[in-house]
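A.B. asks: Following this message is one structure expressed as structure tokens.
The values are calculated or read from the model by the stated rules, or taken from the named source; none is laboratory data. Keep in mind that what you see is a predicted model, and the values were worked out from it rather than measured. Neighbour counts are summed over all protein chains in view; Cβ atoms, including those assigned to glycine, are modelled from backbone coordinates with ideal geometry.
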Amino acid sequence: MTHIVERAVPQRARLMLEQSGVHPLLARLYAARGIAAADELDTQLKSLLPPEGLKGIDAAAALLADAVMAQKKILVVADYDCDGATACAVGLRALRMFGATTDYLVPNRFETGYGLSPEVARLAQAKQPDVLVTVDNGIASVAGVAEAKRLGMQVIVTDHHLPGDALPAADAIVNPNQPGCRFASKGIAGVGVMFYVMLALRAELRKRGFFAARPEPNLAELLDLVALGTVADVVPLDRNNRILVAQGLARIRQRRMCPGIAALLQVAGRDPARASTFDLGFAVGPRLNAAGRLADMSLGIECLATDDMGRALNIAQDLDAINHERRAIEADMRAAAAIQLEGIDAAERASLTLFEPAWHQGVIGILAGRVKEKLHRPTFVFARGEGGELKGSGRSIPGLHLRDALDLVAKQRPELLKRFGGHAAAAGLTLMESDLPAFEALFEQVARALLPPAALMRTLETDGPLEAAYYGLTSARLLQEAIWGQAFPAPLFADEFEVVQQRLLKDKHLKLTLKKGKARFDAIRFNHAEGAGERIRAAFRLDINEWQGEANVQLVLEHFEAA
């Protein structure tokens, strides 16, 4: 069951924002998201938190400056998701601006697993680097860092994931979530951390007089990549992250982006001049992630790192084809999951654990997210790995910190989980197939203990009714141009409508004509085939449907129920 609630709007904050010149609709929405004054909406670069707050950044900058000035070889070790790919591209592009000798390595999801493992360290040695820099990984790579050090490399870890009980013995660690770090934006993405490291490197090189005989690079040119990785990794959009995203989107809208992002927007059919956080999260990000899920993320990194538009477009078309393949695999997996779920009463469960031998390891995280969204239960989905192992990917609901829940499972049964890690909302683990029933029972026990009954009811937070004057294209574009994301959610309105017409599109999308007073609205609910009654209460986004050169307002329904 879904419970629709309306966000409270602090009226004093709303009035202050309006008096400061903020559009009345945005003033209401921002006030409901905790914005109390207009200066909190300032997205100028000068308002970014300074790099000095990041523990370990001075040591990292000094080591990298030494390497750049001595022409030592720097190897960036990436992760195989969009955050890792953009962080790698930021590192490669910035280091090339400084004239560094640089290369990269990205682990293969199916061969070496996640992060800087000892095996990946040995693969890195084949490229003969002097300095190894991890991006979006490394904080849990105790054995991998030790192996890289044994092989003679200096190691700099840049990451944003939560650390384990022991930190790796790297030469420098930059991670806002490591003990003792004062940096206020704990939710910064891996690409944001790497961008900050490059800012600190430039400052260190400037201090050493490195730019006396050469131009100083403008690192703002990398903000399109920072925006993409930040949005795609679904990190909380606190003020600092909103600045990074706003600045990157501004560059994209001005067509001052890298060829790779331009190419990915082109194959997705999106206009850069009107690019939004939605486009980054649901059009560009999935096409990059598809490479890491089904093939090799080096394809995505090459797309983002090249300055050749023709090459970027060729790669983007390959990524688009891989994403189509990913969608087909996901559809088959969703159908199989639906059959499994027919035999499970989710209302009687605090968690869900699903496994099918034929499922694709690269798509289980997406499936876990779909099931979690539909049934509002923390969900783990498993696929077969090598040697009798299962790889699991989980997604959680508010109220259950998934990594902490796995930590409790591991403490109760230390032999059960071979590896695990992640965040509050998403986590991964490895266990033996024979141990799956034990894990399912223990995870259910932990989830039931941690989740109060109220948390098991899906609550849909909305912004209440939309004023009649704001149902037009001008308002829809105003909302599209603003910065929304995790912990700063896009506007979702709720109201009652009369259903005038309804029909199915492609046998899976419900297309409706809704009426409120004398006004009629086109509406759609994607991936929902069940019809509506004569009157509904709907939670909806104000969207723009562009077809054959015409733009019209469309209500995208997230949920509806009988009024």
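A.B. asks: Being of a type outside the set (D, E, K, R) and closer than 21 Å to L219 by Cβ is the filter here, so list the residues in segment 252-271 that pass it. Give the derivation first.
C.D. replies: Applying the first criterion (of a type outside the set (D, E, K, R)) to segment 252-271 yields 252, 254, 257-269.
I252, Q254, M257, C258, P259, G260, I261, A262 - these are the residues of segment 252-271 that are of a type outside the set (D, E, K, R) and closer than 21 Å to L219 by Cβ.
A.B. asks: Quick one: is T459 farther than 20 Å from V142 by Cα and not in a helix (DSSP H, G or I)? If you could, list the steps in order and put the result at the bottom.
C.D. replies: Numbers: farther than 20 Å from V142 by Cα: yes; not in a helix (DSSP H, G or I): yes.
Yes, satisfied.
A.B. asks: For segment 337-373, name all the residues that are in contact with a Gly (Cβ under 7 Å, 6 or more places away or on another chain) and closer than 23 Å to L460 by Cβ.
C.D. replies: Matches in segment 337-373: A368 only.
A.B. asks: Report whether or not A532 is under 24 Å from L26 (Cβ atoms) and small (G, A, S).
C.D. replies: Criteria not met by A532.
A.B. asks: If we scan segment 67-89, do we find a residue that is without any contact (Cβ under 8 Å) to a residue 40 or more places away in the chain and within 20 Å of I173 (Cα to Cα)?
C.D. replies: Taking every residue of segment 67-89 in turn, none turns out to be without any contact (Cβ under 8 Å) to a residue 40 or more places away in the chain and within 20 Å of I173 (Cα to Cα).
A.B. asks: While we're here: Test D224 against the criterion of being at pLDDT 95 or above, touching a strand residue (DSSP E or B) at 6+ places or on another chain (Cβ under 9 Å), assigned by TED's automatic domain parsing to the domain that holds L167 and not basic (K, R), and give yes or no.
C.D. replies: No, not satisfied.
A.B. asks: Please pick out the residue among A78, A85, A100, A61 that is modelled with pLDDT of 95 or more, over 27 Å from the mean Cα position of the chain (by Cα) and of a type in the set (A, V, I, L, M, F, W, C).
C.D. replies: Result of the check over A78, A85, A100, A61: A100.
A.B. asks: Can you run down the residue pairs with Cβ atoms below 6 Å, 6 or more apart or on separate chains, where the first is in segment 169-191 and crowded, with 19+ Cβ neighbours inside 10 Å and the partner is of a type in the set (D, E)?
C.D. replies: Final answer for the pair search is N175/D159; S185/D238; G187/D238; A189/D83; A189/D233; G190/D83; G190/D136; V191/D83.
A.B. asks: Sticking with this structure for a sec: For a quick check of your reading: which helices (runs of 4 or more DSSP H) sit entirely within segment 1-76 and have at least 1 residues that are of a type in the set (A, V, I, L, M, F, W, C), closer than 30 Å to V131 by Cα and in contact with a helix residue (DSSP H, G or I) (Cβ under 6 Å, 6 or more places away or on another chain)?
C.D. replies: Counting at least 1 such residues, we get 57-69.
A.B. asks: Among the numbered criteria (1) small (G, A, S); (2) touching a residue at least 24 places away in the same chain (Cβ under 8 Å); (3) not assigned by TED's automatic domain parsing to the domain that holds P452, which one does G365 miss?
C.D. replies: Looking at each condition in turn, G365 falls short on (3).
A.B. asks: State all residues of segment 124-139 that are polar (S, T, N, Q) and either surrounded by 24 or more Cβ atoms within 10 Å (Cβ to Cβ) or within 25 Å of the chain's Cα centre (by Cα) (or both); if no residue qualifies, say none. Walk me through it before giving the result.
C.D. replies: Pass one, segment 124-139, residues polar (S, T, N, Q): 125, 128, 134, 137.
Hits for segment 124-139 are T134, N137.
A.B. asks: Please determine, by comparing only the residues of segment 472-512 that are buried (at least 19 other Cβ atoms within 10 Å of the Cβ) and part of a strand (DSSP E or B), which one is nearest to the chain's Cα centre (by Cα).
C.D. replies: Here the answer is G485.
A.B. asks: From the list A13, A61, A94, which residue is assigned by TED's automatic domain parsing to the domain that holds N177, more than 25 Å from D307 (Cβ to Cβ) and surrounded by 16 or more Cβ atoms within 10 Å (Cβ to Cβ)?
C.D. replies: A61
A.B. asks: Only one of these is part of a helix (DSSP H, G or I), at pLDDT 95 or above and surrounded by fewer than 12 Cβ atoms within 10 Å (Cβ to Cβ): A438, A454, A449. Name it.
C.D. replies: On inspection, the qualifying residue turns out to be A449.
A.B. asks: Given the criterion crowded, with 19+ Cβ neighbours inside 10 Å, under 21 Å from S276 (Cα atoms) and charged (D, E, K, R), identify the matching residue among D159, D224. Even if it seems obvious, please write down each step before you answer.
C.D. replies: Details: D159 fails: under 21 Å from S276 (Cα atoms).
The conditions single out D224.
A.B. asks: Okay, moving on. Could you check segment 376-406 and list, in sequence order, the residues that are charged (D, E, K, R) and crowded, with 19+ Cβ neighbours inside 10 Å? Outline the logic, then answer.
C.D. replies: Applying the first criterion (charged (D, E, K, R)) to segment 376-406 yields 377, 384, 386, 389, 391, 395, 403-404.
Across segment 376-406, the qualifying residues are R377, K391, R395, R403.
A.B. asks: Among (1) free of Cβ contacts under 8 Å to residues at least 40 places away in the same chain; (2) in the same structural domain as A490 (by TED's automatic domain parsing), which single condition is F420 missing?
C.D. replies: (2)
A.B. asks: For segment 295-311, name all the residues that are over 18 Å from the mean Cα position of the chain (by Cα) and assigned to a helix (DSSP H, G or I).
C.D. replies: S298, L299, E302, C303, A305, M309, G310, R311
A.B. asks: Something else now. Quick one: F195 ticks every box in (1) in contact (Cβ under 8 Å) with a residue 12 or more places away in the chain; (2) among the aromatic types (F, W, Y); (3) more than 17 Å from L92 (Cβ to Cβ) except a single one, so which number is it?
C.D. replies: (3)
A.B. asks: Shifting gears a bit: Can you spot a residue in segment 518-526 that is touching a residue at least 12 places away in the same chain (Cβ under 8 Å), farther than 30 Å from L280 by Cβ and either exposed (fewer than 13 other Cβ atoms within 10 Å of the Cβ) or assigned by TED's automatic domain parsing to the domain that holds P378 (or both)?
C.D. replies: Yes.
A.B. asks: Consider E221 against the criteria (1) farther than 15 Å from A65 by Cβ; (2) without any contact (Cβ under 8 Å) to a residue 24 or more places away in the chain; (3) of a type in the set (D, E, K, R): it satisfies all of them except one. Which criterion is unmet?
C.D. replies: If we test E221 against (1) farther than 15 Å from A65 by Cβ; (2) without any contact (Cβ under 8 Å) to a residue 24 or more places away in the chain; (3) of a type in the set (D, E, K, R), just (2) comes out false.
A.B. asks: Right, another one. Could you say whether any residue in segment 140-147 is touching a helix residue (DSSP H, G or I) at 6+ places or on another chain (Cβ under 6 Å), outside the structural domain of H423 (by TED's automatic domain parsing) and either closer than 26 Å to L205 by Cα or surrounded by fewer than 23 Cβ atoms within 10 Å (Cβ to Cβ) (or both)?
C.D. replies: Quick first cut of segment 140-147, residues touching a helix residue (DSSP H, G or I) at 6+ places or on another chain (Cβ under 6 Å) only: 143-144, 147.
When the remaining residues are screened for being outside the structural domain of H423 (by TED's automatic domain parsing), the result is 143-144, 147.
Then drop every residue that is not either closer than 26 Å to L205 by Cα or surrounded by fewer than 23 Cβ atoms within 10 Å (Cβ to Cβ) (or both), which leaves 143, 147.
Yes, segment 140-147 has at least one match.
A.B. asks: Residues in segment 527-563 that are surrounded by 14 or more Cβ atoms within 10 Å (Cβ to Cβ), aliphatic (A, V, I, L, M) and not in a strand (DSSP E or B): how many?
C.D. replies: So the count comes out to 2.
A.B. asks: Filter segment 263-286 down to the residues that are under 17 Å from M309 (Cα atoms) and surrounded by fewer than 19 Cβ atoms within 10 Å (Cβ to Cβ) and list them by number.
C.D. replies: Of everything in segment 263-286, those that are under 17 Å from M309 (Cα atoms) and surrounded by fewer than 19 Cβ atoms within 10 Å (Cβ to Cβ) turn out to be Q266, A268, G269, D271.
A.B. asks: Cβ-Cβ below 6 Å, separation at least six or inter-chain, first residue in segment 108-132 and over 18 Å from T158 (Cα atoms), second aliphatic (A, V, I, L, M) and assigned to a loop (DSSP other than H, G, I, E, B): which pairs?
C.D. replies: Note: pairs meeting the criteria are Q125/L151.
A.B. asks: Output the strands (runs of 3 or more DSSP E) that fall wholly within segment 312-408 and possess 3 or more residues being charged (D, E, K, R), or say none.
C.D. replies: 389-395
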